[in-house]
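Read the structure below first, then the notes.
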Amino acid sequence: MKILIVDDERDVQALFEQRFRKETRDKKVELVFAFSGKDALEYLDQFAHDTPLVLSDINMPGMSGLELLKQIKQQYRQPGPSVMMITAYGDADNFNAAKNLGADDFLTKPVDFGVLKEKLNIQ
């Protein structure tokens, strides 16, 4: 399973690579990183058909994760990737906005990687 992780904080890459080390080594998961919404859309323009899951932070400079979610759900429908929103803010407004825009799931930071792996069925 290829997962596109979108977050403006670059240290997220090392964290995900560490927490998914076994799964990437066993070729259960392939991690791809984008550090802005714009970079994520550029990647998806080429590889949307090959990327079943996007994990996106909500609060990013420039294009927010909610705007990215909206564009993904509008542009990639046949079938488009699933999108999980990740945020440090677990408030109802962000949750409702994400759900209304078509988010498939919602996680709060710090990410509980056990729960994430369970949701992805890769335990």
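Exactly one condition in (1) over 23 Å from Asp91 (Cβ atoms); (2) touching a residue at least 60 places away in the same chain (Cβ under 8 Å); (3) in a helix (DSSP H, G or I) is not met by Leu68; state its number.
That leaves (1) as the condition not met.
Are any residues in the range 108-123 surrounded by 11 or more Cβ atoms within 10 Å (Cβ to Cβ) and in a loop (DSSP other than H, G, I, E, B), and if so, which ones?
Result: Lys109, Val111, Asp112, Leu120, Ile122.
Conditions (1) over 25 Å from Lys28 (Cα atoms); (2) in a helix (DSSP H, G or I); (3) more than 14 Å from the chain's Cα centre (by Cα); (4) polar (S, T, N, Q), marked per residue:
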site	(1), (2), (3), (4)
Ser56	no, no, no, yes
Gly62	yes, no, yes, no
Lys73	yes, yes, no, no
Tyr89	yes, no, yes, no
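Specify which of the listed residues (Asp50, Asp45) is surrounded by fewer than 16 Cβ atoms within 10 Å (Cβ to Cβ), under 23 Å from Arg19 (Cβ atoms) and not hydrophobic (A, V, I, L, M, F, W, C). Talk me through it step by step, then tell me what you get.
Values: Asp45 fails: under 23 Å from Arg19 (Cβ atoms).
Going through Asp50, Asp45 in turn, just one is surrounded by fewer than 16 Cβ atoms within 10 Å (Cβ to Cβ), under 23 Å from Arg19 (Cβ atoms) and not hydrophobic (A, V, I, L, M, F, W, C): Asp50.
Here is a list: Phe47, Phe16. Which entry is part of a helix (DSSP H, G or I) and touching a residue at least 40 places away in the same chain (Cβ under 8 Å)? Break it down stepwise before answering.
Working: Phe16 fails: touching a residue at least 40 places away in the same chain (Cβ under 8 Å).
Matching residue, one of Phe47, Phe16: Phe47.
Go through (1) at pLDDT 90 or above; (2) of a type in the set (Val, Ile, Thr); (3) in contact with a Lys or Arg (Cβ under 9 Å, 6 or more places away or on another chain) one by one and return the number of the condition Ile58 breaks.
Tallying (1) at pLDDT 90 or above; (2) of a type in the set (Val, Ile, Thr); (3) in contact with a Lys or Arg (Cβ under 9 Å, 6 or more places away or on another chain), Ile58 fails exactly one: (3).
Just to be sure before I move on: is Tyr76 touching a His at 6+ places or on another chain (Cβ under 9 Å) and surrounded by 17 or more Cβ atoms within 10 Å (Cβ to Cβ) in the structure I sent? Don't jump to the end; show me each part of the working.
Values: touching a His at 6+ places or on another chain (Cβ under 9 Å): yes; surrounded by 17 or more Cβ atoms within 10 Å (Cβ to Cβ): yes.
Considered against the rule, which asks whether it is touching a His at 6+ places or on another chain (Cβ under 9 Å) and surrounded by 17 or more Cβ atoms within 10 Å (Cβ to Cβ), Tyr76 comes out as yes.
Looking for whichever is out of contact with any Pro (no Cβ under 8 Å at 6 or more places or on another chain), surrounded by 15 or more Cβ atoms within 10 Å (Cβ to Cβ) and among the acidic types (Asp, Glu) here; the options are Asp26, Asp105, Asp93. Which one fits? So that I can check it myself, show each step before the final result.
On the way: Asp26 fails: surrounded by 15 or more Cβ atoms within 10 Å (Cβ to Cβ); Asp93 fails: surrounded by 15 or more Cβ atoms within 10 Å (Cβ to Cβ).
Just one listed residue meets the conditions, Asp105.
Any idea which of Ala14, Ala48 is at pLDDT 95 or above and small (Gly, Ala, Ser)?
Working: Ala48 fails: at pLDDT 95 or above.
None of the other options fit; the residue is Ala14.
So is Lys38 at pLDDT 95 or above, farther than 23 Å from Asn121 by Cα, surrounded by fewer than 16 Cβ atoms within 10 Å (Cβ to Cβ) and among the basic types (Lys, Arg) or not? If you could, list the steps in order and put the result at the bottom.
On the way: at pLDDT 95 or above: yes; farther than 23 Å from Asn121 by Cα: yes; surrounded by fewer than 16 Cβ atoms within 10 Å (Cβ to Cβ): yes; among the basic types (Lys, Arg): yes.
Yes, satisfied.
The values are calculated or read from the model by the stated rules, or taken from the named source; none is laboratory data. None of these values were measured; they are calculated from a predicted model. Note that each Cβ is placed from the backbone with ideal geometry, even for glycine, and that neighbours are counted across all protein chains shown.
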